[in-house]
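Novice: Right, I'll just put the structure down here and ask away after.
Values in this text are rule-based calculations from the coordinates and carry no lab data. A quick note: this is a predicted structure, and the numbers were derived from the prediction, not measured. In this analysis, Cβ positions are derived from the backbone assuming ideal geometry, glycine residues included, and neighbour counts consider all displayed protein chains.
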Amino acid sequence: MTAPGEAASGDLMAEVTARVGAAKSSFFLAMRVLPAARRDAMFAIYAFCREVDDIADEPGSLVDKRAGLAQWRCDIDRIYDGGMPPTHLIARALVDPVQRFGLLRQDFYAVIDGMAMDAERDIVAPSAAELDLYCARVASAVGRLSVRVFGEWHARADDVADELGRALQLTNILRDLDEDAERGRLYLPREALTAAGIDISDPATVLANPALSLACNEVLGRARRHFAAAAAAMADCPKSSMRPAAMMFGIYRATLERLARRGWASPRRPVRVPTPIKLWIALRHGFL
């Protein structure tokens with residue numbers, strides 16, 4: 001096992017970095033300019049999230065998915081309890097970040113629990129409370145891990161994680177409506193659909209309903225409120241430690257507003273923030 005403060009091996013981090021880069025995510029741009037130890041920690045966290053997300057999303061039996069997530073809980077326990085080293089390559093890459101930055105076991109558990117929600121059944125029109133719990137697990141918990149790596153333990157940093165995580169996840173939900181529907185999933189909250197007069201049946205039928213915009217606009221408003229709360233919390237934290245979060249904020253808020261301008265009627269063309277705008281956001285936050 002990696003000793004406290006000892007960086008993960010070059011070969012191990014090269015593999016992790018390759019996996020993160022292959023995802024072609026905005027996350028890669030936001031994190032690659034961090035100091036090496038912080039960058040490697042964020043890449044390991046991201047790779048962990050991708051691994052457990054793949055268990056939930058890829059074809060396979062429920063038994064296999066439960067076993068895969070259970071193995072990850074075991075590996076997280078091995079990181080914290082010592083003794084036997086973790087089995088998974090990505091878990092081994094997390095050993096140093098956990099020790100170096102004081103990452104909390106319960107936040108890794110929360111991410112796994114969120115992925116278990118997807119693995120257990122295809123989520124269709126969850127209640128607002130269930131959707132909020134899902135966002136808290138799969139996004140806000142990742143935010144709490146992240147702000148520790150950024151070097152911030154201020155109480156308001158957890159508020160940034162909680163609010164920004166929810167804002168990012170709701171943006172993803174609005175962006176990926178059709179992709180999720182192809183998997184039999186629909187994350188729009190039941191209350192918003194009911195208020196719009198939409199009968200909740202299969203996702204494809206819901207997305208074809210002319211009243212879909214009413215439900216999506218409710219989620220849009222919720223996401224905007226979370227972005228506003230995240231901005232207020234970031235203003236109370238040191239700017240230097242919040243730069244990666246501020247960059248993700250900028251990219252995702254730009255995505256959300258492009259979605260709002262596009263609208264929700266079918267056909268819904270994909271929305272992405274062009275690379276020049278991402279670079280401008282990076283420059284604005286002092287990354288480049």
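Novice: With a 10 Å cut-off between alpha carbons and a GNM built on the chain, which of Ile45, Ile55, Ile200 moves the most?
Specialist: Highest fluctuation among the options: Ile200.
Novice: Could you tell me what a quarter of the Cα convex hull surface of the chain works out to, in nm² with one decimal place?
Specialist: On the way: hull surface 58.7 nm².
For the chain, the mean projected area of the Cα convex hull comes to 14.7 nm².
Novice: Connecting C-alpha atoms closer than 10 Å in a GNM of the chain, tell me which of Ala157, Ala128, Ala223 has the biggest fluctuation.
Specialist: Of Ala157, Ala128, Ala223, the Gaussian network model singles out Ala128 as fluctuating most.
Novice: For a quick check: with amide H placed at 1.01 Å from N, whose amide H comes under 5 Å from Val124's, ignoring anything fewer than 5 positions away on the same chain?
Specialist: Leu186
Novice: Mind checking segment 97-134 for trypsin sites (Lys or Arg not before Pro) that DSSP puts in a loop (not H, G, I, E or B) and that have at most 13 other Cβ atoms within 10 Å?
Specialist: Arg121
Novice: Let me ask you something else. May I ask you to order 211-217, 233-239 by the average number of other C-beta atoms within 10 Å around their residues, highest value first? Intermediate values should be presented prior to the final figure.
Specialist: On the way: 211-217: 18.6, 233-239: 16.0.
Ranking the peptides 211-217, 233-239 by packing returns 211-217, 233-239.
Novice: Give the long-range amide H neighbours of Ile200: residues separated by 5 or more places, or on another chain, with amide H under 5 Å away, using H modelled in the peptide plane at 1.01 Å from N.
Specialist: Those qualifying (amide H under 5 Å, at least 5 residues apart or on another chain) number zero.
Novice: Could you derive backbone 3J(HN,Hα) for segment 35-52 from the dihedral phi with the Karplus parameters 6.51, -1.76 and 1.60 (θ = phi - 60°), listing whole Hz in sequence and x where the residue is Gly or Pro?
Specialist: Each residue's phi maps through the Karplus curve to give x, 3, 5, 6, 4, 4, 5, 5, 5, 5, 5, 4, 4, 4, 4, 5, 5, 6 Hz.
Novice: How large is ³J(HN,Hα) for each residue in segment 102-116, as worked out from phi by the Karplus curve 6.51 cos²θ - 1.76 cosθ + 1.60 (θ = phi - 60°), to whole Hz, x for Gly and Pro?
Specialist: Once θ is set to phi - 60°, the couplings for segment 102-116 become x, 5, 9, 4, 5, 6, 5, 4, 4, 4, 4, 4, x, 5, 5 Hz.
Novice: In degrees between 0 and 90, to the nearest 10, how far off the longest principal axis of the chain does helix 212-235 point, with axes built from Cα atoms?
Specialist: The helix 212-235 is inclined about 40 degrees to the chain.
Novice: Residue-wise, which Karplus ³J(HN,Hα) couplings in Hz belong to segment 75-82, taking 6.51 cos²θ - 1.76 cosθ + 1.60, θ = phi - 60°, and x for glycine or proline?
Specialist: These are the phi-based 3J(HN,Hα) values: 5, 4, 4, 5, 4, 8, 8, x Hz.
Novice: Another question about this same structure. Near Leu193, within a Cβ-to-Cβ distance under 13 Å, what is the net charge of the other residues, with Lys and Arg +1 and Asp and Glu -1?
Specialist: Details: positive: Arg190; negative: Glu191, Asp199, Asp202, Glu218.
Net local charge, Leu193 excluded: -3.
Novice: Same structure again: Can you give the charge dipole size of the chain about its Cα centre, rounded to the nearest 20 debye, using +1 on the beta carbon of Lys and Arg and -1 on the beta carbon of Asp and Glu?
Specialist: About 1220 debye.
Novice: Using the Cβ atoms and a cut-off under 11 Å, what net charge is assigned to the surroundings of Val138, where Lys and Arg are +1 and Asp and Glu are -1? Kindly include the intermediate steps, with their values, before the conclusion.
Specialist: Working: positive: Arg137, Arg166; negative: Asp53, Asp113, Asp118.
Surrounding charge for Val138 is -1.
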